[in-house]
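Following: one structure in structure tokens, then a few remarks.
The values are calculated or read from the model by the stated rules, or taken from the named source; none is laboratory data. The model shown is predicted, which means the values in this text are computed figures rather than measured ones. Cβ atoms come from the backbone with ideal geometry, glycine included; neighbour counts cover every protein chain shown.
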Amino acid sequence: MNNKQMQVKYSCPSNIALVKYWGKKEGGVQLPANASISWSLSDLFAETSMIATQDEGPKLIFTFKGEPKPSFEPKIIAFLERISQYSDFVKSHNFIIDTVNNFPHGTGIASSAAGFGALAMCIADLEGKYENGSAEFFERASFFARLGSGSACRSVYGKPSVWGEHDDVEKSSDLFAVPFEKEIHATLSNWKDCVLIVDDGEKKVSSTEGHALLDNHPYAAARFANAQKNISKITSYLQSGDVTNFIALVESEALQLHSMMMSSIPYFTLIRPNTLAILEEIWAFREETNLPLAFTLDAGANVHLLYDKQYETEISNFIDNKLLVYCKNGLYLCSNIGGTPQKLA
Ligand code: DP6
């Protein structure tokens, strides 16, 4: 018997949170304790091809850049098994998957958001339950991506993405991200992100372990409440173009994330001396020039430098003259903000 075979390929951007997801609700897989909002990073993406063969599934052959990668397989099998509870298509297919990132491996850049985002797009497309391009289609892809990694569910939209229930954001949900549909003010609609690579090693504590430490965290309730308030504030700044308050809030969110790590029991740190050195340089440069730039951090030592693209020359000089010395092997990677997943085949 010749079993039916289907094939598809997608690229999907990575994303960086402005208000952070850190802590999960009980009672489900990757339900966020608070709402988060992110920008997608169009120039840092994963490309994933998928061949689905009708058979009792889900079974998997996985390669990374065409080479076997056994260490990635358990996470992807767990992901397919989770999805199979919601999708008869996944339950009744086997998968051959190959994925590649356009950014170098081992830069400490979280590749899971782009990777699970691309996988989720492939599955939503092949499943064919909703018309490709419809709001339901993207919600379904985002829902699937969440089951791989929470932050991945925010990677399927080009607009700022909100994940987690919030009164101020229409249709927001803990189950999938939604695009933030309100118009973004011109002063905040054309920014860039340069990721300054401080540490390219394996993280001491994975995001999943870090989230779990919020369960008995002395400050968890206050943090979650503050994040909900910060969503109200940042969505208002994005619309009004209040760059000064936007910057202050984004930086505060990054530091709150890391202070939650430092006050977990057991406590841990992911920032390194060079991370702090870069923050000091950014503050000094902003004081001196008044230019609109901000840092944010993900769960690692690298610094995301966010800035208004019209000051590209000044910021690029600043990076070369002041920040490069703190970057591992002088490495940094820049991306435009925005960008949607693309169907490649
Ligand atoms: C610090 O999405 O990687 O980047 O849901 O357990 O896979 P899991 O965690 P993950 O956590 C990312 C946390 C963060 C903040 C954010 O992206 O909002």
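For the structure I just gave you, tell me whether Lys182 is touching a Pro at 6+ places or on another chain (Cβ under 6 Å), modelled with pLDDT of 95 or more and either over 26 Å from Lys343 (Cβ atoms) or surrounded by fewer than 22 Cβ atoms within 10 Å (Cβ to Cβ) (or both).
no
So in region 86-123, with the set limited to residues that are part of a helix (DSSP H, G or I) and away from the ligand (no atom under 16 Å from the Cβ), which one is surrounded by the fewest Cβ atoms within 10 Å (Cβ to Cβ)?
Asp88
If I ask for residues that are hydroxyl-bearing (Ser, Thr, Tyr) and either surrounded by 18 or more Cβ atoms within 10 Å (Cβ to Cβ) or in contact with a helix residue (DSSP H, G or I) (Cβ under 8 Å, 6 or more places away or on another chain) (or both), which ones from region 253-274 would you list?
Ser264, Tyr267, Thr269
A quick yes/no check of all residues on (1) within 14 Å of the ligand (Cβ to nearest atom); (2) within 29 Å of Val169 (Cβ to Cβ); (3) touching a Gly at 6+ places or on another chain (Cβ under 7 Å):
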position	(1), (2), (3)
Val8	no, no, no
Ser11	no, yes, no
Asn15	yes, yes, no
Gly23	yes, yes, no
Asp43	no, yes, no
Ser49	no, no, no
Thr53	no, no, no
Glu56	no, no, no
Leu60	no, no, no
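Among the candidates Glu281, Glu314, Glu288, single out the residue that is out of contact with any strand residue (DSSP E or B) (no Cβ under 8 Å at 6 or more places or on another chain), charged (D, E, K, R) and surrounded by 17 or more Cβ atoms within 10 Å (Cβ to Cβ).
Result of the check over Glu281, Glu314, Glu288: Glu281.
Does Ser207 count as among the polar types (S, T, N, Q), under 30 Å from Glu181 (Cα atoms) and within 12 Å of the ligand (Cβ to nearest atom)?
Yes, satisfied.
Let me confirm something: among Ile16, Ile51, Ile37, which residue is part of a strand (DSSP E or B) and over 22 Å from the mean Cα position of the chain (by Cα)?
After ruling out the rest, the residue left standing is Ile51.
Restricting region 19-34 to residues that are in a strand (DSSP E or B) and not charged (D, E, K, R), which is nearest to Gly338 (Cα to Cα)?
If we take residues in region 19-34 being in a strand (DSSP E or B) and not charged (D, E, K, R), then Val19 is nearest to Gly338 (Cα to Cα).
What pairs come up if the first residue lies in region 276-300 and is more than 30 Å from Ser112 (Cα to Cα) and outside the structural domain of Ser112 (by TED's automatic domain parsing), the second is outside any helix (DSSP H, G or I) and more than 16 Å from the ligand (Cβ to nearest atom), and their beta carbons are under 7 Å apart, counting only those six or more places apart or on different chains?
Pairs that qualify, where the first residue is more than 30 Å from Ser112 (Cα to Cα) and outside the structural domain of Ser112 (by TED's automatic domain parsing) and the partner is outside any helix (DSSP H, G or I) and more than 16 Å from the ligand (Cβ to nearest atom), are Arg286/Leu293.
Inspect all residues belonging to region 180-187 and state whether any of them is of a type in the set (Gly, Ala, Ser) and in contact (Cβ under 8 Å) with a residue 40 or more places away in the chain.
Scanning region 180-187, I find at least one residue that is of a type in the set (Gly, Ala, Ser) and in contact (Cβ under 8 Å) with a residue 40 or more places away in the chain, so the answer is yes.
List, please: which pairs have Cβ atoms under 8 Å, are six or more places apart or on different chains, and start with a residue in region 51-64 that is more than 12 Å from Thr99 (Cα to Cα) and among the polar types (S, T, N, Q) and end with one that is part of a strand (DSSP E or B) and at pLDDT below 95?
Within 8 Å, the pairs are Thr53/Gln5; Gln54/Gln5.
Is it the case that Lys233 is outside any loop (DSSP other than H, G, I, E, B), assigned by TED's automatic domain parsing to the domain that holds Leu323 and loosely packed, with under 15 Cβ neighbours inside 10 Å?
Here the answer is no, as Lys233 does not meet what is asked.
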